[in-house]
Every structure is written in C-alpha cells, then in structure tokens.
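What follows draws every value from the coordinates through simple rules; no lab data is involved. Everything quoted here is computed from the prediction, not taken from an experiment. Here Cβ is always computed from backbone atoms with ideal geometry, including for glycine, and neighbour counts include all displayed protein chains.
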Amino acid sequence: MDRSLLLSGMMASGKSTVGRHAAAKAGVPFVDLDAAVEARAGQSVAELFEARGEGAFRELEALVLRELLHDGVVRVVALGGGAMVARALRHECLEHATVVTLGASVETILARAQPFSTRPLLASGDPRATILRLTQARADAYAETHATLSTNDRDVDTLADEALAVAHRAPLSMPIGQRSYAIDVVVDAPERLVDVLAGLVPSSLIFVSDSNVDRCRGTALRPVRRALSVDCIDVVLPAGEEHKTLTSVSTIWEAALGHGIDRDAVVVAFGGGVVGDMAGFAAATLLRGIRFVQVPTTLLSMVDSSVGGKTGFDAPSGKNLIGAFHQPSAVVADMAHLQTLPARQRISGLAEVVKVAVCTDLSLFEFCERHAHAIARGEGGVLREMVRRAVAAKARVVRDDEHEDGLRALLNAGHTAGHALETAGGYRTWLHGEAVAAGLVFELQWLAARGLASRIIADRTEALLRELGLPTGATPREWAAAAGYVAADKKRRGRHILVPTVTALGGGELVRVRIAELEASLRAGSPAAP
Ligand code: GLY
C-alpha cells in the first residue's frame, strides 16, 4: 500500500485490535493514536480530560495525527473515536490516507467498552444514552470515509484483510456527510463494479448506456449480470449530445416503471457525460429518487461529469437547463474503457482537467504541463494519475459547495462561451470538451483584455490546451453564431453572468460580466477589448 490506513469509528468498535492485526499482516508500523497522544502528553487520556478538558485533548490529538499523516511513513493508525469530528482534519486525512470506518451496534460497543471507568466519555451518566448520542452526533464524520466495515460478528482476521484491501485500492472520496461516496479509479478490474453493486443490495438494476457504449463496452457488464442474481433492465439510448433530451429520459423512466421497480432499485449509468447526466436525472426522479452508480466510460465523464451529482438534460434553448442535484452512491471509473474510446473523444475530455486545474489546483496544472505529450498520447500510467488528481480536485470543490452557491461555479470556466458554441453548432460540430477548450481561451483572453484575468495565465492555458491537442479558438462566424446563446445560460443573473477568472494559477474567482458586452465580443469574433 502507498498510503497509510486510518481506522475510524466509535470507541470500542475494534480499531486497535483490527489495526494491530492489519499492520502485522502488511508489515508496516502500527500506531494507536490515543497511546501516541498519551506518550506526547505524559498523561493518560483520562488524566488529560480531567486536567485540561476535551478541547485541549483534541488539539493535541490533531497535532499528533497531522504529524503522522505527513511524515512520509506508511502505517496503520487506530484513531480515537472523536478524532474525525473536526471537519478540516477529517478532509486532510481523506486526502492523504485511506480511511476505513469500523461500524458496530450499540450492544456490541456496550459489551466491548467495559470497564466504563477507563473511558472518559462513559465514566459518568448512562453509557447507552451517551453512545447513542455520540453515534448520532458523529454520523456525518463517520460517513465521510473511503469504506465502512461492520464489525458485528466479524472476526479480526477478515476485517484486517478487508481494511487492507481498501488501502491497496486507495479509492478517492466525496465527503458530503451521509451522502458521501467512494470513487474508484481502477485498471481493467470488472470485479470492482460487481463488489460495489453487490454492496448496495439492489432489488433490480437498470443499466443505462448508449448505442456506441453498448457496442464497444457492453461485455464489461457481463460479470455483474453473472454475479448478481437480480432483475436487470437494459436501456440503450441513441448516442450523441443531440439525444440528451426529455424523450431519452422518458425512455429510461418507462423502462424502469414498466418493469415495476421498487425504491431499492439501482440505476447504473454506463457511458459518457450524456448518459450519466440523463441516467442520474432519471434516478433522481423515479419514485421521487432512487440510488444510482456512475460508471463513466469516457475521459470527460471520469474527470468531471460522473462526480458531483449534477444531472439533467438539454432543452431546445440551451444545454442542461433542466436537471437536479442527485449524488451517486458510488463512482467506478475503469481506465480499460478508454481503450476503445476514439482519440478525439479522449482528448476532448482533457479540457475539463485543464479547467479544474487552472481554477483550483496549481499542482495539477503543472502535472499536465510536465506530462502533456504522454497525456495527449493517452499513456496509461500518467493518464490514471491525471484522472485521480482531477477527480480529487473536483471532489474538493464539490465537498465545499455541493449546490453551486459559490466556489463550484469555478467549474463553469469556459462553459459560458463553450456551451454557446456547442449549442450553435447543433451539438454536431463540437465535442463538449473541444467547445470548453475554445470557450476557456476566449473567456480568459476576454477577461485579460479587460484587466480581469492574468494575461500570462491566459496564454499559458492556451499553450497547454494546444499541446494537449485541443482547439483553442473558433472562426469569427462560429463565435458570431454562438453569441445568440449566451443569454440562455443558466448561470445568468438578469443582465449579468458570473464568469470564472484567474489572476493566480489554481486560485480562480468569479467576476460579474455584462452579458451584452460578452455577446458583442462574440459577435465580433474576438476577445480583444473594443
Ligand atoms: N461540471 C461542472 C460541475 O460539476 O460543477
């Protein structure tokens, strides 16, 4: 394993026992965080609580945990029951280590936590009531994890193996309270999807794909069908953005309802962004909301649309104008799907990587610059690393602004001009990512020409997109046609629109721009100032 394994969960859930066993199996050091804090303080946890209070204990606990996270040693750590309650520290753990929550019933905890006198939080009052209260209060903290394992009636050896398997896989996480989910980026591992779907215990599965994906990748679902003995409903939609319509969504609704699905059914979105958005919207609305799993098969959907819960379809007046936020239960991105993806489609997806990098993640931007040629060629190792970094960057944004009340709007960089270009081309001329690349350059150069963005960053972004093989502009006639669609953008606020800008790489901000001014420049086919 490449990163440390942190075991989280309520007191007496078995963290230390399982952790010590897992560390021995993996041949790495084991640290019990409480013991490390006691060693640092020269006092027992109970004495620390007594002498300096819980606040002082938590501060010391955070300090010691941060040291363990960043000292470069891969190890297994059994966390204290309350260590993950602090949000910022929890998110730091999720970014730098693999976190596995050990779950246990109240009865199990009561039986294991004896004698209560050694547990400061149980030493007084009714232990059962305290455990129930803490479990409830910490539910979000324990749910924000890479995996949860129930320890009730499970032996230590099995639990250690399962926790280590998560650590070896090192999934990413979308930590949004009790709707958190894991994002796996795997290489030719169909069994991962089987495990994820089996874990959801679905009453039926509704596989949604399109004609291209079904033809090229359909066999990848066979292991799921073989392993899970549930009803499988197949919906194969016509491929292409022009079919991202209410008609296609209705096809999913009718297929699912026609089979009499219940609320334990799970929709599996197997395809690119168009399939993912529509399948997600169908899941958001079927029986007022059922679960769904994103299985992205394009680079674009792996790095962007499958993560974050935006779902919907296009209206005749513009893209994605009707939709809902509905988070998936899991995302399983298998790089094997990219083998059959046409190079133009793969390269198109890189625009979303550059977008999230320029606005939120300097190190990802530099990674793309450093490896531009390998990325453009689609070299497996570097591509997987890029996907992981891009997903992590996006997850950070969504985690902090799930419903796009602020920060998340940065992910719309390039999309105002890009969507307009794509819509004007009837969704046939431009692939989504290509239009975003051209739109990103237009918007950044337009903002730079007005002193609202850094010219150096605009030029550097343009150079990177070009190196990756993406278009960095459109003809004046195409921009002029696009001008008519800016006002229909869902990000419009009256006569203004919020557009992401960048004055420091990786640190995007939003600026209010007059729509008429942007339209005039598009009509003139140039971002230059008048
Ligand atoms: N694709 C942009 C977002 O998810 O916010």
- Distance in nm between ALA111 and ARG225 label points, each 7 Å along Cα→Cβ, equals 4.3 nm
- Residues with amide H under 5 Å from that of ASP231, placed H, sequence gap 5 or more: LEU205
- Query: In nm, to one decimal, how far is the modelled label at ARG52 from the one at VAL201, with both set 7 Å along Cα→Cβ?
  - Reply: 4.4 nm
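Counting only Cα atoms, I'd like the Rg/Rh figure for segment 141-194, Kirkwood definition for Rh. Let's see the in-between values first.
Working: Rg = 12.3 Å, Rh = 12.4 Å.
We get a ratio of 0.99 for segment 141-194.
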- Could you line up THR247, THR101 from fewest to most neighbouring Cβ atoms inside 10 Å? THR247, THR101
- Task: With a 10 Å radius around each residue's Cβ, average the other Cβ atoms per peptide and rank 456-468, 329-341, highest first.
- Result: 329-341, 456-468
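Divide, for segment 150-255, the radius of gyration over alpha carbons by 2.2 N^0.38 Å, where N is the residue count.
Numbers: Rg = 17.2 Å, N = 106, 2.2 N^0.38 = 12.9 Å.
My calculation over the Cα atoms of segment 150-255 gives 1.33.
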- Mean shadow area of segment 1-61 over all directions, Cα convex hull, nm²: 4.7 nm²
- Task: Would you mind checking the tilt of helix 415-424 against the longest principal axis of the Cα atoms of the chain, expressed as 0 to 90 degrees and rounded to 10?
- Result: 50 degrees
- Can you quote the Å³ per residue value for the convex hull of the Cα atoms in segment 402-485, rounded to an integer? 114 Å³
- Message: Could you compute the net charge surrounding PRO238? Neighbours are other residues with a C-beta less than 13 Å from the C-beta of PRO238; K and R count +1, D and E count -1.
- Response: -2
- Calculated log₁₀ intensity ratio I(q)/I(0) where the Debye formula runs over C-alpha points of segment 1-131, q = 0.10, 0.12, 0.16 Å⁻¹: -0.31, -0.45, -0.81
- Message: Can you give me the angle between helix 246-258 and the longest principal axis of the chain, using Cα atoms only, in degrees from 0 to 90, rounded to the nearest 10?
- Response: 40 degrees
- Task: At 7 Å along the Cα-to-beta-carbon direction for both ALA39 and ARG263, put a label point, then send me their distance in nm to one decimal.
- Result: 4.9 nm
- A correct Karplus calculation of ³J(HN,Hα) over segment 230-241, with 6.51 cos²θ - 1.76 cosθ + 1.60, θ = phi - 60°, whole Hz and x for Gly and Pro, returns 10, 4, 10, 10, 9, 10, 10, 8, x, 7, x, 4
- Note on the structure: With x for Gly and Pro, the residue-by-residue ³J(HN,Hα) of segment 448-464, computed from phi through the Karplus equation 6.51 cos²θ - 1.76 cosθ + 1.60 at θ = phi - 60° and given in whole Hz, is 5, 5, 10, x, 9, 9, 7, 4, 4, 5, 4, 5, 5, 5, 4, 5, 5
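For segment 227-296, divide the Cα radius of gyration by the Kirkwood radius and give the resulting Rg/Rh value with two decimals. Mind dumping the intermediate values first?
Values: Rg = 11.4 Å, Rh = 12.2 Å.
Radius of gyration relative to Kirkwood radius: 0.94.
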- Three-way shape call for segment 35-111 based on the alpha-carbon gyration tensor, with the a/c threshold at 1.5: oblate
- Query: If each residue's Cβ is checked for other Cβ atoms within 10 Å, how do THR503, THR151, THR245 rank with the fewest at the top?
  - Reply: THR503, THR245, THR151
- The long-range amide H neighbours of ALA324, using H built 1.01 Å from N in the peptide plane and a cut-off of under 5 Å, are THR311, GLY312
- Task: Note the angle between two axes, namely the Cα long axis of helix 273-285 and the longest principal axis of the Cα atoms of the chain, as a number of degrees from 0 to 90, rounded to the nearest 10.
- Result: 60 degrees
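Taking the alpha carbon gyration tensor of the chain, what are the square roots of 5 times its eigenvalues, largest first, to the nearest whole Å? If you can, show how the numbers build up before the last one.
Values: eigenvalues 376, 152, 84 Å².
Equivalent ellipsoid of the chain: 43, 28, 21 Å, largest first.
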- Item | Nonlocal amide H pairs with ASP264, under 5 Å, H built at 1.01 Å | SER203
